[in-house]
Amino acid sequence: MNHPVPLTALGAEADEVWQDVAEPLKAAVSAASFIGGPIVERFEEEWARFCGVPHAVGVANGTDALCLTLRALGVGPGDEVLVPASTFVATAEAVVLAGASPRFVDVDPRTLLMTTGSILGSLSSRTRGVIAVHLYGQPCDMEELSRTVSQRGLFLVEDAAQAHGASWNGRPVGSFGDAGCFSFYPSKNLGAFGDGGAVVTRDASLARMVRSLGDHGRATGSHHNHVVIGTNSRLDCLQGLVLNAKLARLPAWIEARRQAAARYQEGLRGVPGVELLDEQPLAAHAYNLFVVRVADRERVRAELSSYGVATGVHYPRPCHKEVAFERFAREPLPEAEAAANEVLSLPLHPYISQAEVDRVVESLRSAVGEKVGAGVPVL
Ligand SMILES: *Cc1c(COP(=O)(O)O)cnc(C)c1O
């Protein structure tokens, strides 16, 4: 059998940046600079610049980025926040952690993204705002969503946890909403050596509030004045070093992801039994994940696995079908429910070779029924 094709290459990413991390880490540890400090501040500056906004605040993870943003926007009990049903649970979890209720909305079947059409029917007098999720790395139509949301006096938060480096009509994600929330979980496009997250915003007072909430409610510039009930959610120095080192490589890594995605599309377009998601013309997709839709997914996965091709499922159930969120499920959301049964994530990372992509394509074509038998190349 050919060598296995892994889903990700987190070890290779880590090895590439380790040379840039090791020495400064040693120095930072000797200087007892563990949490925050100049290294984290430098990353925050660079990350804000990358996102095209003046402020970035490092936090402990992407879930906190969302939750602290909602709290800083004044979201609390009695409020409703619209979230797409097709997302990682953290999007909705953050709403509940902030004391409010998520209201799940359906997604466009061609992109699996929230649209203006999908939110208009779900607004109520309790609606305070909307969290748009740039699922798999593809931005939502942010111009249209921003217009719709701001006309109604609601807030718009971007869950960009999967979309570092994506843009809509030339403008980076995270720069459209009241705030953009990022995760630096290791498998994201920009991943730390552990957990991490950030909130980016044009709004200086929102940035200050998020920083205060994530630092035990301290007043700006004061160690001993706690002015709100906060929590502990900060970025540490190791993660700051790793993120600085990876950020320097991020544009090249995203370009490699895009090239692999283009090759997948070439190889899979028109193959019966494999449905590609649409790429919107104004979207620059950052391809954290390359996702196709197939019927009979578990059988297809097993067959791919027998060829040494690893796959993932993001996600097997829409949020409103998870037990934890049952009480927030109000109505069927047919597109999100149908998609959850069919989505299949193929191997994608900055180091994937053309030969590996081709092997995945051939294996998938075989698995979906170009029934020529295992291991026989399909042309
Ligand atoms: C990863 C992710 C999060 C949460 O990030 P963590 O750092 O794991 O807390 C939130 N939303 C989406 C869409 C994600 O993919």
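The values are calculated or read from the model by the stated rules, or taken from the named source; none is laboratory data. Everything numeric in this text was worked out from a predicted model, so none of it was measured. For neighbour counting, all protein chains shown are included, and Cβ atoms are generated from backbone atoms with ideal geometry for every residue, glycine included. Side chains included, ligands, DNA and RNA excluded: accessible areas come from the protein's heavy atoms. Shrake-Rupley method; radii C 1.70, N 1.55, O 1.52, S 1.80 Å.
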Charge dipole magnitude, Cβ of K and R +1, D and E -1 - the chain, Cα centre, debye nearest 20: 420 debye
Amide H partners (placed H, <5 Å) of residue 188, local residues excluded: none
May I ask for the Rg/Rh ratio of region 206-347, computed from Cα atoms with Rh as the Kirkwood radius, given to two decimals? 1.11
Please give the charge dipole size of region 1-99, origin at the Cα centre, charges +1 on K and R Cβ atoms and -1 on D and E Cβ atoms. Round to the nearest 20 debye. 140 debye
Candidates 92, 56, 219: whichever shows maximal mean-square fluctuation once the chain is modelled as a Gaussian network with Cα springs under 10 Å: 219
If you count, for each residue, the other Cβ atoms within 10 Å and average over each peptide, how do 354-364, 252-262 line up from highest to lowest? 354-364, 252-262
So for R0 = 35 Å, FRET eff. of residue 150-residue 223 from the Cβ-Cβ r, to 0.05, ends up at 0.40
Degrees between helix 62-72 axis and first principal axis of the chain (Cα, 0 to 90, nearest 10): 40 degrees
Using the heavy atoms of the protein chains and a 1.4 angstrom probe, tell me the accessible area per residue for the chain in square angstrom. 41 Å²
Can you give the angle from 0 to 90° between the axis of helix 38-51 and the longest principal axis of the chain, with both taken from C-alpha atoms, to the nearest 10? 60 degrees
For the chain, with all protein chains present and a 1.4 Å probe, just round the carbon and sulfur fraction of the accessible area to a whole percent. 52 percent
Over all pairs of distinct alpha carbons, what does the Kirkwood formula give as the hydrodynamic radius of region 47-185, in Å? 14.6 Å
Tell me, what ³J(HN,Hα) does each residue in region 220-236 have, in order and in whole Hz, if you take phi through Karplus 6.51 cos²θ - 1.76 cosθ + 1.60 with θ = phi - 60° and put x for Gly and Pro? 3, x, 10, 8, 10, 10, 9, 9, 9, 6, x, 7, 9, 8, 9, 8, 9
What does the extension gain come out to for residue 143 and residue 323, with contour length at 0.36 nm per residue minus their alpha carbon separation? 61.4 nm
Please label the shape of the chain as rounded, prolate or oblate, based on the square roots a ≥ b ≥ c of the eigenvalues of the alpha-carbon gyration tensor (a/c under 1.5 means rounded; beyond that, a/b larger than b/c means prolate, else oblate). oblate
For region 132-210, shape from the Cα gyration tensor axes a ≥ b ≥ c, cut at a/c of 1.5 then a/b versus b/c, turns out oblate
Listed by chain and number, the residues whose amide H is under 5 Å from that of residue 171, excluding neighbours fewer than 5 places away on the same chain and using placed H, are none
By how many degrees, between 0 and 90 and to the nearest 10, does the Cα long axis of helix 142-151 differ from the longest principal axis of the chain? 40 degrees
Would you kindly derive the ³J(HN,Hα) couplings of region 92-109 from the backbone phi angles with the Karplus curve 6.51 cos²θ - 1.76 cosθ + 1.60 (θ = phi - 60°), listing them in order in whole Hz, with x for Gly and Pro? 6, 4, 4, 5, 5, 4, 7, x, 9, 10, x, 10, 7, 10, 7, 10, 6, x
